[in-house]
Amino acid sequence: MNAPAHPIEQLHAALPDLDWVTDEGRIARLSQDFSWFSPVLKRQLADKRADAVVRPRSEDEIRRLISLCAKLRVPVTLRGSGTGNYGQVVPLHGGVVLDMSGYNSFLWARNGAGRAQAGMRLSDFEKATRPLGMELRCVPSTFRSATLGGLYGGGFGGVGSINYGPLAAPGNVLGLKAMTFEEEPQIIELRGPEALAMHHMWGSNGLVLELEMGMAPVHDWSEHIATFTTFDEALEFGDAVARAPGIVKKEICLLAQPIPDYMKQLADYLPAGCHAVIVLVASSSEAAMLELVAQYGGTVTYRKTAEEVAASNRTLVEFTWNHTTLNALKVDKSITYLQSAFIPGQHVEQVKRMEKLLGGEVLMHCEYIRGMDGLVTCTALQLVRFSTEERLQEIMKIYRDNDVRINDPHVFIVEDGKAGGSLSQAVLDTKHRFDPLGLLNPGKVRAWLKQPAENV
């Protein structure tokens, strides 16, 4: 009997014990992420989809799949929960989407570090570590569904970055185990700086199996909304909390008017016309934080203790970072967003300047963080009233002309989304080492497009 001619049919026939997704609707859904946040990517990626989706449950299943895909020259795109926004998990050349969510075991946590398989959800990871007095240093607003591998492969940082900086800051990612994409796959452990060579590469230069993370001590975080009548007061209050060394905090998020009007679930706590700052602090720091609210003329309209947050299973975290964009899109489908970073020490003045230049069209949403150098600054996920793609490019140019760095979230090439526009030699060397055939998420790395894999 002749073997099936099509490579996907050969995969199904040779690996029948794997958990294959065969429903066409599910394959289409699992070929997409939240790239529809961008009207540009929504147009460009609408018809892209995988030929097959598989959900492995063990290292052996992953190894057998990768080995055969290498032999058949079938592209593979890694997927966690698909909560990214850049078309990270959208396959440009068909092939197989490798859904890692079934590869999700917790491994261990001790001495300020924790390790788990890449497909483990962040919320489940913390359920395992919190009884041991540890939590993740930074999590995205999608922490309930996002996976550890997804955070590493496509994330920046998030809630907690006010203390520990972005994920790429030294000490946050301690090590990883990865598999090479070859006919005879190898398992390799990377430590220290080497473990960051696959970070934010969208699974295009390495198949990560396990991650070891630096952990933070658990605190009883209380959640607050402080509202202000002026933009400057809200901005300066957020900065004061961010800089206060004695205030133990986890999240500071500025939502300038009219963004609070989009947060319909919080309408009872957001007076018309207000500017709002969402703050998470340790209970021991609450009094000091409230003194700053009063100093800057604000009013606390919402307060929940850690116990109340846990009992309600609702958290203000899900109104910060890109959940702000998601909540706004529920109200106004024409909204899109930007990603920008301000210069430490100049960030307050820069934010004020950009608000004056583009306020009303670009709606200011700032997240206070520590940068790679440890200095307090803010990054922004501004909401944009979208009109045309040309105007979107003009807005980004205005920001750049004012010395504000833009990481373009409306592109699906890795280098185009990075402010520098290029990749380090270490990252490219890692691509050669772990994906010599160029079959991992092909089409996303410009430097690799000049040397395409055979038969891809």
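A compact table of results
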{"item": "Matching residues, the range 355-390, being more than 16 Å from the chain's Cα centre (by Cα), within 18 Å of Glu236 (Cα to Cα) and among the charged types (D, E, K, R)", "result": "Glu355, Lys356, Arg370"}
{"item": "Residue in the range 234-244 that is touching a Phe, Trp or Tyr at 6+ places or on another chain (Cβ under 8 Å) and of a type in the set (Asp, Glu) present", "result": "yes"}
{"item": "Selection from the range 63-89 of residues that are at pLDDT 95 or above and in a loop (DSSP other than H, G, I, E, B)", "result": "Arg73, Val74, Pro75"}
{"item": "Sole residue being surrounded by 17 or more Cβ atoms within 10 Å (Cβ to Cβ), at pLDDT below 95 and not aromatic (Phe, Trp, Tyr), chosen from Met263, Met213, Met179, Met201", "result": "Met201"}
{"item": "Subset of the range 385-426 that is out of contact with any Leu (no Cβ under 9 Å at 6 or more places or on another chain) and of a type in the set (Val, Ile, Thr) - its residue that is surrounded by the most Cβ atoms within 10 Å (Cβ to Cβ)", "result": "Val404"}
{"item": "Residue that is nearest to Pro131 (Cα to Cα), among those in the range 171-221 that are more than 18 Å from the chain's Cα centre (by Cα) and assigned to a helix (DSSP H, G or I)", "result": "Gly192"}
{"item": "Count of the range 287-326 residues which are crowded, with 18+ Cβ neighbours inside 10 Å and in a helix (DSSP H, G or I)", "result": "13"}
{"item": "Failed criterion for Thr227 (all others in (1) among the polar types (S, T, N, Q); (2) farther than 23 Å from Leu440 by Cα; (3) part of a loop (DSSP other than H, G, I, E, B) hold)", "result": "(3)"}
{"item": "Any hit, the range 32-41, residues being closer than 22 Å to Ile8 by Cβ, in the same structural domain as Gly150 (by TED's automatic domain parsing) and touching a residue at least 24 places away in the same chain (Cβ under 8 Å)", "result": "yes"}
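The values are calculated or read from the model by the stated rules, or taken from the named source; none is laboratory data. As the structure is a computational prediction, the values presented were derived from the model and not from experiment. FYI the Cβ positions are ideal-geometry reconstructions off the backbone, even for glycines, and counts take in every protein chain you see.
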